[in-house]
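Worksheet: one structure, shown below.
No lab work stands behind these numbers, since they all come straight from the coordinates. Everything numeric in this text was worked out from a predicted model, so none of it was measured. Backbone-built Cβ (ideal geometry, glycine too); neighbour counts: all protein chains shown.
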């Protein structure tokens, strides 16, 4: 009996718009944005949508316009068959990547033959933390274990910079590289579908990521003030050097992404050409105060499962939550920086938290195709000290 393989047939995403009132996508309802991406994915593949057995959707802030299982609402809004169910999940920044992993695992197990995995986040409309309505969303037993309480992610990024000896200059140089690589990426249009929006000037089509600053310089980045400097935190963590700024952190962004995942033989029988197989998975928890470091043990766990050394990987996507995060990962694992975030990352492109996993997969796959590489590794740090890591193999 031949083993089942889960393959990526196609990936599409919206352009990523800055999350603010004047942002390119800010006037959209998140259901409409995600529906446009789903509709384009199905149309581009040419498949009978009745074949789709589920729509697994990542969304972090599931309140207000993003509440009520937004995946199902978007399926219906896209005009897809009512027979397609949906589920919406939250693994923080890794939500869309987790959606992909669950979809692929379902295919490998025989629970699905054809499934959509994606994600959406409209951070202009539904900003971070608005879902925390209670005064205490952690509870007494949590506080008993962590009596000093949690800290902001920016403080975690500062602690990472201190622990791994990453200077302000190194973080800003990495950030500049992110913008330069994103600005030089001529292939992003392969993944991005134009989104129609109403503006003060009338109806317009948005087709490019809004956050890329081709004119950024190291001098401009170095001139920015530290974003999280705090006297109480300075007393608590004297090792911090206050090096994290708005320029070396990911941009708050609106966006959506989706990918079509199938059982390999079904894809071939439909005349489709799969782009990659999704072969190995790992999830990991780590220190919730450091918060953003679980990508390191998750990567080690994934490589061990795949019986591969780090040098066997041809392209990496490590989410640029803050510049110190991929730099610490690179330093700890001894990864080749030339293979890391080949087309830039969230510092330049933005980070719509529920949707970013799809963008990372799209970029690593294009990097493999451009370089004729075989293996791509995607890993995403997540709030609460978690991470996903996924291995894909170009076909």
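Taking just the alpha carbons, could you work out the radius of gyration and Dmax for the stretch 211-269, both in angstroms?
That works out to 20.9, 63 Å for Rg and Dmax.
So what is the relative contact order of the chain, in percent, for Cα pairs below 8 Å that sit 6 or more residues apart?
On the way: 940 pairs, mean separation 107.0, N = 395.
Computed over the chain, the figure is 27 percent.
In bins 10 Å wide, starting from 0, what share of all Cα pairs of the stretch 263-395 does each bin hold, as a percent?
Each 10 Å bin holds this share of Cα pairs: 13, 45, 33, 8, 1.
In the chain, what percentage of the DSSP-assigned beta bridges are antiparallel, given to the nearest 5?
For the chain, the DSSP antiparallel bridge percentage is about 75.
Can you give the helix-only mean residue ellipticity at 222 nm for the chain, where every DSSP H stretch with n ≥ 4 adds -39500 (n - 2.57) and the sum goes over all residues, rounded to the nearest 500 deg cm²/dmol? Don't skip to the answer; put the middle values down first.
Working: 13 runs with 132 residues, N = 395.
Calculated from helices alone, the mean residue ellipticity at 222 nm is -10000 deg cm²/dmol.
Please report, in whole Å³, the volume per residue of the convex hull around the C-alpha atoms of the stretch 321-387. Let's see the in-between values first.
On the way: hull volume 6.3 nm³, N = 67.
It comes to 94 Å³ per residue, whole-number rounded.
Provide, for q = 0.10, 0.14 Å⁻¹, the log10 of I(q)/I(0) from a solvent-free Debye sum over equal Cα point scatterers in the stretch 77-195.
-0.62, -1.11
Could you work out how far apart the two model spin labels at residue 67 and residue 22 are, taking each label as a point 7 Å from the Cα in the direction of the beta carbon, and quote it in nm?
Computed distance between label sites residue 67 and residue 22 equals 3.2 nm.
Based on the alpha-carbon gyration tensor of the stretch 110-260, what equivalent-ellipsoid semi-axes (square roots of 5 times the eigenvalues) come out, in whole Å, largest first? Let's see the in-between values first.
On the way: eigenvalues 216, 134, 56 Å².
Square roots of five times the eigenvalues give 33, 26, 17 Å.
Bin all alpha-carbon pair distances of the stretch 1-92 at 10 Å intervals from 0 and give each bin's fraction as a whole percent.
Cα pair-distance distribution for the stretch 1-92, in percent: 15, 44, 31, 9, 2, 0.
Peptides 248-258, 385-395: what's the order by average Cβ count within 10 Å, highest mean first?
On the way: 248-258: 29.5, 385-395: 23.8.
The most tightly packed comes first, giving 248-258, 385-395.
Using only the alpha-carbon atoms, how far is helix 356-371 inclined from the longest principal axis of the chain? Give it as 0 to 90 degrees, nearest 10.
Taking the Cα atoms of the chain, the angle to 356-371 is about 80 degrees.
If you build the convex hull over the alpha carbons only and average its shadow over all orientations, what do you get for the stretch 23-150? Give it in nm² to one decimal.
Values: hull surface 40.1 nm².
Taking the Cα atoms of the stretch 23-150, their convex hull projects to 10.0 nm² on average.
Let me check against my output: what whole-number percent is the relative contact order of the stretch 343-395, with C-alpha pairs under 8 Å and at least 6 apart?
Numbers: 45 pairs, mean separation 14.6, N = 53.
After rounding, I find 28 percent.
Divide, for the stretch 106-158, the radius of gyration over alpha carbons by 2.2 N^0.38 Å, where N is the residue count.
Numbers: Rg = 18.4 Å, N = 53, 2.2 N^0.38 = 9.9 Å.
Taking N as the residue count of the stretch 106-158, the ratio is 1.85.
State the Kirkwood hydrodynamic radius of the stretch 222-328 in Å, one decimal place, computed from all pairs of distinct Cα atoms.
17.9
Just one of (i) 62, 53, 49; (ii) 75, 49, 41; (iii) 62, 57, 48 is Cα extents along the principal axes in Å calculated from these coordinates, so which is it?
(i)
Per-residue counts of other Cβ atoms within 10 Å, averaged by peptide: what ranking do you get for 141-150, 79-88, 369-378, highest first?
Working: 141-150: 10.3, 79-88: 15.6, 369-378: 18.7.
Result, highest mean Cβ count within 10 Å first: 369-378, 79-88, 141-150.
Sort 22-33, 177-188 by the packing proxy (mean of other Cβ within 10 Å over each peptide's residues), most packed first.
Numbers: 22-33: 21.6, 177-188: 18.1.
For the peptides 22-33, 177-188, the packing ranking is 22-33, 177-188.
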